[in-house]
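Below is one structure, written out as structure tokens; the observations come after it.
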Amino acid sequence: MARAKIALIGAGMIGGTLAHIAAREELGDVILFDIAEGTPQGKALDIAEASAVFGKDVALKGANDYADIAGADVCIVTAGVPRKPGMSRDDLLGINLKVMKAVGEGIKAHAPNAFVICITNPLDAMVWALQQFSGLPKEKVIGMAGVLDSARFAYFLAEKTGVSVEDIHAWTLGGHGDDMVPMVRHSTVGGLPLPDAVKAGFLTQEELDAIVERTRKGGGEIVALLKTGSAFYAPAESAIAMATSYLKDKKRVLPCATFLNGEYGLSGLYVGVPVVIGAAGAEKIVEFETNDAEKAMFAKSVESVQGLMEACKAIDPSLV
Ligand SMILES: NC(=O)c1ccc[n+]([C@@H]2O[C@H](COP(=O)([O-])OP(=O)(O)OC[C@H]3O[C@@H](n4cnc5c(N)ncnc54)[C@H](O)[C@@H]3O)[C@@H](O)[C@H]2O)c1
Ligand SMILES: O=C(O)C[C@H](O)C(=O)O
């Protein structure tokens with residue numbers, strides 16, 4: 001069977017890390033695309049040379065022409081700009097929306113059968129715009145954020161409780177902003193929902209509250225430390241988990257920005273929800289039972305996403 005073709009649109013910090021992981025995992029041949037000349041070629045060559053050390057058979061190529069992504073099975077989009085300290089993700093909207101238009105047109109022309117994973121921020125509005133600009137089916141265009149946010153939640157819980165990260169299952173819902181919703185009742189430590197884990201003495205309520213708050217602001221914490229850009233290792237791992245589930249038809253349930261069509265009482269927007277990812281793309285949304293407090297937090301987060309969609313429409317009236 002032919003190897004999968006993975007096109008990485010954007011060869012910056014996340015794009016380069018994605019290429020490295022995809023090659024090491026032998027997930028498929030990799031095209032690194034960027035408007036910057038030399039960057040994708042240099043990173044592709046560097047990783048290709050590394051493949052002789054880690055011993056995996058993959059082809060890597062850098063490109064500045066969309067024709068090179070032709071026939072891609074998966075496109076992972078990181079093209080655009082990241083935030084710097086003092087900025088919010090929403091400040092990136094104007095510049096990254098223009099980038100999404102160019103990327104969407106490139107994918108439409110050259111890789112219309114791909115499964116597309118958008119990472120560019122502000123995520124929920126960018127993936128919504130990218131789907132429209134590309135014209136690809138909604139189930140084939142999805143956004144990466146929830147896997148990252150829930151990984152942060154899980155890591156902080158593991159660190160505090162001393163339980164292996166493998167035995168913590170954490171979930172976040174909503175938009176990829178500071179009002180995202182870490183799902184305390186649905187997340188577990190060793191199988192115990194977090195309120196029961198508190199009762200069992202794994203952590204205190206105050207510690208849990210602090211972890212929820214730290215999760216919400218997890219992106220900003222890294223931006224403040226790095227000063228020159230934002231997180232890239234955990235975001236790349238998160239997108240690789242999504243791409244792997246699609247390519248191997250694993251049907252993992254992962255929290256992703258997914259187009260809603262009545263689920264959670266909403267339609268016509270992308271927002272983070274658990275979804276089965278398999279060979280058909282976003283195959284089935286999982287609807288968590290939510291109480292009034294969770295519903296209110298989710299509604300607030302959705303409102304923020306809708307505000308960003310309105311801002312996009314004001315810039316580009318072709319968006320509906
Ligand atoms: N969804 C998430 O959870 C998440 C996590 C981390 C970062 N991000 C976002 O991902 C994006 C990329 O982050 P990064 O750290 O890789 O940034 P980066 O600056 O290192 O890389 C971005 C790359 O995009 C390229 N680019 C710009 N315009 C382009 C265009 N029109 N076509 C093709 N390439 C273009 C740049 O040349 C650069 O190489 C940012 O918007 C960041 O905010 C999202
Ligand atoms: O916070 C950012 O700007 C990048 C990304 O969205 C993240 O959560 O790490």
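The values are calculated or read from the model by the stated rules, or taken from the named source; none is laboratory data. Predicted, not measured: the structure shown is a model, and the values here were computed from it. Cβ coordinates were reconstructed from backbone atoms using ideal geometry, including for glycine residues, and neighbour counts include every protein chain displayed. SASA here: full protein model, heavy atoms, side chains in, ligands and nucleic acids out. Shrake-Rupley method; radii C 1.70, N 1.55, O 1.52, S 1.80 Å.
Given the criterion crowded, with 23+ Cβ neighbours inside 10 Å, within 14 Å of ligand 1 (Cβ to nearest atom), within 21 Å of Val127 (Cβ to Cβ) and within 18 Å of the chain's Cα centre (by Cα), identify the matching residue among Ala22, Ala7.
Answer to the check: Ala7.
How many residues are away from ligand 2 (no atom under 16 Å from the Cβ), of a type in the set (A, V, I, L, M, F, W, C) and part of a helix (DSSP H, G or I) if we restrict to segment 4-21?
Final tally of qualifying residues: 2.
Would you mind telling me which numbered condition in (1) crowded, with 18+ Cβ neighbours inside 10 Å; (2) under 13 Å from the mean Cα position of the chain (by Cα) Glu237 fails?
For Glu237, the exception is condition (1).
Looking only at residues in segment 50-102 that are more than 20 Å from Ala129 (Cβ to Cβ) and of a type in the set (Asp, Glu), which one is surrounded by the most Cβ atoms within 10 Å (Cβ to Cβ)?
So, considering only residues that are more than 20 Å from Ala129 (Cβ to Cβ) and of a type in the set (Asp, Glu), the one surrounded by the most Cβ atoms within 10 Å (Cβ to Cβ) is Asp73.
Of the residues Ala170, Ala154, which is under 22 Å from Tyr264 (Cβ atoms) and free of Cβ contacts under 8 Å to residues at least 60 places away in the same chain? If you could, list the steps in order and put the result at the bottom.
Working: Ala154 fails: under 22 Å from Tyr264 (Cβ atoms).
Result: Ala170 is the single residue among Ala170, Ala154 that is under 22 Å from Tyr264 (Cβ atoms) and free of Cβ contacts under 8 Å to residues at least 60 places away in the same chain.
Of the conditions (1) without any contact (Cβ under 8 Å) to a residue 40 or more places away in the chain; (2) touching a Gly at 6+ places or on another chain (Cβ under 8 Å); (3) within 15 Å of ligand 1 (Cβ to nearest atom), Glu37 clears all except one; give me its number.
(2)
Just to be sure, is Lys251 in contact with a Gly (Cβ under 7 Å, 6 or more places away or on another chain), touching a residue at least 12 places away in the same chain (Cβ under 8 Å) and either more than 21 Å from Lys138 (Cα to Cα) or open to solvent by 60 Å² or more (accessible area, probe 1.4 Å) (or both)? Break it down stepwise before answering.
Working: in contact with a Gly (Cβ under 7 Å, 6 or more places away or on another chain): yes; touching a residue at least 12 places away in the same chain (Cβ under 8 Å): yes; either more than 21 Å from Lys138 (Cα to Cα) or open to solvent by 60 Å² or more (accessible area, probe 1.4 Å) (or both): yes.
Against the criterion (in contact with a Gly (Cβ under 7 Å, 6 or more places away or on another chain), touching a residue at least 12 places away in the same chain (Cβ under 8 Å) and either more than 21 Å from Lys138 (Cα to Cα) or open to solvent by 60 Å² or more (accessible area, probe 1.4 Å) (or both)), Lys251 qualifies.
Quick one: in segment 149-182, which of the residues that are of a type in the set (A, V, I, L, M) and in a loop (DSSP other than H, G, I, E, B) is most open to solvent (accessible area, probe 1.4 Å)? First the steps, then the outcome.
Taking segment 149-182 and keeping what is of a type in the set (A, V, I, L, M), we get 151, 154, 157-158, 163, 165, 168, 170, 173, 180-181.
If we keep only those that are in a loop (DSSP other than H, G, I, E, B) too, we end up with 163, 170, 180.
Numbers: Val163: 31, Ala170: 15, Met180: 3 Å².
So the residue we want is Val163.
Give segment 222-254 a look and list any residue that's charged (D, E, K, R) and either more than 14 Å from ligand 1 (Cβ to nearest atom) or not in a helix (DSSP H, G or I) (or both), or say none.
The first filter runs over segment 222-254 and keeps only residues charged (D, E, K, R), leaving 227, 237, 248-252.
Answer for segment 222-254, where residues must be charged (D, E, K, R) and either more than 14 Å from ligand 1 (Cβ to nearest atom) or not in a helix (DSSP H, G or I) (or both): Lys227, Lys248, Asp249, Lys250, Lys251, Arg252.
Return only the number of the condition from (1) more than 16 Å from ligand 2 (Cβ to nearest atom); (2) closer than 23 Å to Val81 by Cα; (3) out of contact with any Phe, Trp or Tyr (no Cβ under 7 Å at 6 or more places or on another chain) that Thr258 does not satisfy.
That leaves (3) as the condition not met.
Restricting to segment 103-132, and then to whatever is surrounded by fewer than 22 Cβ atoms within 10 Å (Cβ to Cβ) and free of Cβ contacts under 8 Å to residues at least 40 places away in the same chain, can you tell me which residue is farthest from ligand 1 (Cβ to nearest atom)?
Pro112
Looking for whichever is in contact with a strand residue (DSSP E or B) (Cβ under 8 Å, 6 or more places away or on another chain) and either open to solvent by 30 Å² or more (accessible area, probe 1.4 Å) or of a type in the set (Val, Ile, Thr) (or both) here; the options are Ile14, Ile31. Which one fits?
Every option except Ile31 fails the conditions.
Listed here are the residues, each with its yes/no results for (1) within 16 Å of ligand 2 (Cβ to nearest atom); (2) among the acidic types (Asp, Glu).
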| site | (1), (2) |
| --- | --- |
| Glu49 | no, yes |
| Phe54 | no, no |
| Leu60 | no, no |
| Asp65 | no, yes |
| Lys84 | yes, no |
| Gly104 | no, no |
| Asn121 | yes, no |
| Met126 | yes, no |
| Phe133 | no, no |
